[in-house]
Amino acid sequence: MGVTHCTIAHALEKTKYPNSDLYWKKFEDHYHFSCQFTTDLIAMNHADFIITSTFQEIAGNKDTVGQYESHMAFTMPGMYRVVHGIDVFDPKFNIVSPGADMSIYFPYSESQRRLTSLHPEIEELLYSNVDNKYVLKDRNKPIIFSMARLDRVKNLTGLVELYGKNPRLQELVNLVVVCGDHGNPSKDKEEQAEFKKMFDLIEQYNLNGHVRWISAQMNRVRNAELYRYICDTKGAFVQPAFYEAFGLTVIEAMTCGLPTFATAYGGPAEIIVNGVSGYHIDPYQGDKASALLVEFFEKCQVDPSHWTKISQGGLQRIEEKYTWKLYSERLMTLTGVYGFWKYVSNLERRETRRYLEMLYALKYRTMASTVPLAVEGDSASK
């Protein structure tokens, strides 16, 4: 069609699950890795240029392989072997980091812009004993806040567990998690398992009075003021995922001035300068993560300026690198550059595209037809 094709992958699944290529058959019924990996290979090779949010998406770091790099060579036994899946040195790769909507997410200190009319709603959300069995006993404590999908990789149950195992952390702060839907149980099997695990952990560690579990919130404007309200409590945001490709909630929290603790695996490791604009945590070492949180809040009790220092460090980091204004300017520039480059150099990649068409016809179409809907439903909905 002559158009310039850009690919921006929300998340590549291959590095999230170690050895998922070698043991793809074992997980096929649940994750359908064969179809996912084939789709990703086709998309990344067909694109004229690729935009990633972080360097680690392309080439990883000294300890871990990059998301795209993991597709260079791998084997799915019984399916196929990839010997040159992608060239991570190809000049089509670019790093352009997204940001948060500054009209919605802005620092807590901008008092004239604060949506104080929403505070009664937010206080009801956080503290009301109506329609929520988990009620915070001490409203004067700072709040550790987290918001994400309720799935295994996001590891919100891991956050509840590390909080439950650390009595000192419970003395210092309350924990508020926003995820799932209490009134409408999910039909997704993985979310169902995490839903049950969350309930079990709260009961196991007797966390009622310390933990508030709130159903997923879709109102972005109120969510932004919620971040700022947590700032008023001198709390912190924690993103405990086992792996996070980028971490938009990390950006949102930092944009509002909320000190942020985020996973060391994935994009947040690049977003946050450890100890300056936030902190890195290892989701596989909950004891160390909880100890770091205790250290932070104890230090803030002795020296309140420490909270402000980390908050300001996060705001400065966002202003320098993570705004939609910077993103859109860079994207428009790249579109022009690659469109012109394609035109003057006739970079059609014809041989590659013919091969991709063959892979699509002979392999992918059959794979895709075997993948069921993400959630269970009646035949009419299908």
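Just so you know, all these numbers are worked out from the coordinates, no wet-lab data involved. Since we're looking at a predicted model, the values are computed, not measured. No Cβ is skipped: glycine too gets one built from the backbone with ideal geometry, and neighbour counts run over all protein chains shown.
Calculate for the chain the 222 nm mean residue ellipticity that helices alone would give, adding -39,500 (n - 2.57) per DSSP H run of length 4 or more and normalising by residue count, nearest 500 deg cm²/dmol.
-13000 deg cm²/dmol
Please give the residues of segment 111-151, grouped as numeric ranges, whose backbone N is less than 15 Å from a label point set 7 Å along the Cα-to-Cβ vector of ASN206.
Within reach of a label on ASN206, which here means backbone N under 15 Å from a point 7 Å along Cα→Cβ, segment 111-151 contributes nothing.
Cross-link partners among aspartates and glutamates for LYS14, C-alpha distance below 19 Å, same-chain residues fewer than 8 apart left out?
Answer for LYS14, where 19 Å is the Cα cut-off: GLU28, ASP29, ASP40, GLU57, ASP63, GLU69, ASP87, ASP151, GLU190, GLU244, listed by chain and number.
In whole Å, largest first, what are the principal axis extents of the Cα atoms in the chain?
Its Cα atoms span 65, 45, 42 Å along the three principal axes.
With +1 assigned to the C-beta of every Lys and Arg and -1 to the C-beta of every Asp and Glu, and no other charges, what is the dipole magnitude of the chain about the Cα centre in debye, to the nearest 20?
Charge dipole, the chain, about its Cα centre: 360 debye, nearest 20.
Tilt of helix 286-302 relative to the longest C-alpha principal axis of the chain, in degrees (0 to 90, nearest 10)?
On a 0 to 90 degree scale, this one is about 50.
To the nearest µm²/s, what D does Stokes-Einstein give for segment 116-322 at 37 °C and 0.692 mPa s, using the Kirkwood radius over alpha carbon pairs as Rh?
Translational D for this selection: 194 µm²/s.
Ranked by Cβ crowding within 10 angstrom, fewest neighbours first, how are MET254, MET76 ordered?
Least crowded to most crowded, the residues run MET76, MET254.
Whole number please: convex hull volume per residue, Cα atoms of segment 1-122, in Å³.
Taking only Cα atoms, segment 1-122 has a hull volume of 213 Å³ per residue.
So what's the Cα pair-distance distribution over segment 243-303, bin width 10 Å, in %?
Spelled out bin by bin, segment 243-303 gives 23, 53, 22, 1 percent.
Counting DSSP beta bridges in the chain, what percent are antiparallel, to the nearest 5?
10
Measuring from centroid to centroid over Cα atoms, what is the spacing of segment 232-309 and segment 179-213 in Å?
23
Give the lysines reachable from LYS133 as a straight Cα distance under 18 Å; neighbours fewer than 8 places away on the same chain don't count.
LYS196, LYS197
May I ask you to derive the FRET efficiency for TYR284 and GLN217 from their Cβ-Cβ distance with R0 = 41 Å, giving the value to the nearest 0.05?
Calculated transfer efficiency: 0.90.
Can you tell which of ILE143, CYS256, ASN19 lies farthest toward the positive end of the dipole of the chain, using +1 and -1 charges on the Cβ of basic and acidic side chains (Lys, Arg; Asp, Glu)?
Looking along the dipole axis, the top candidate is ASN19.
Got a sec? How would THR370, THR157 order by Cβ neighbour count within 10 Å, fewest to most?
Listing THR370, THR157 from fewest to most nearby Cβ atoms yields THR370, THR157.
Among PHE340, PRO304, VAL276, flag the residue with its Cα farthest along the positive direction of the charge dipole of segment 237-382, charges on Cβ as +1 for Lys/Arg and -1 for Asp/Glu.
About the Cα centre, the residue reaching furthest to the positive side is PHE340.
Dipole size in debye (nearest 20) for segment 1-114 around its Cα centre, Lys and Arg Cβ +1, Asp and Glu Cβ -1?
Magnitude of the dipole: close to 180 debye.
Within segment 144-194, report the trypsin sites (Lys or Arg not before Pro) that DSSP leaves as loop and that have at most 12 other Cβ atoms within 10 Å.
When the trypsin sites (Lys or Arg not before Pro) of segment 144-194 are filtered for loop state and at most 12 Cβ neighbours within 10 Å, LYS187 remain.
Determine the gain in length on full extension of the stretch HIS5-ARG113; use 0.36 nm per residue of separation and subtract their C-alpha separation, reporting nm with one decimal.
Residue separation times 0.36 nm, minus the Cα-Cα distance, leaves 34.9 nm.
Averaging sequence separations of C-alpha pairs under 8 Å and six or more residues apart, then dividing by the length of segment 116-322, give the relative contact order as a whole percent.
22
Do any of LYS26/LYS62; LYS299/LYS321; LYS299/LYS325 go past 31 Å between their Cα atoms, and which?
Result: LYS299/LYS325 exceed 31 Å.
Could you compute the FRET efficiency for SER328 and ASP181, with r as their C-beta to C-beta distance and R0 at 30 Å, rounded to 0.05?
Given R0 = 30 Å and the Cβ-Cβ separation, E is 0.35.
Given that compact globular proteins tend to follow 2.2 N^0.38 Å, what is the ratio of the alpha-carbon Rg of segment 218-357 to that value?
1.39
Is there a quick way to get the dipole size of segment 116-322? I mean about its Cα centre, with the Cβ of Lys and Arg at +1 and of Asp and Glu at -1; what is the value in debye to the nearest 20?
100
Assuming a viscosity of 1.002 mPa s and a temperature of 20 °C, what translational diffusion coefficient in µm² per second does Stokes-Einstein assign to segment 110-214, Rh being the Kirkwood radius over Cα pairs?
D, rounded to a whole number, is 147 µm²/s.
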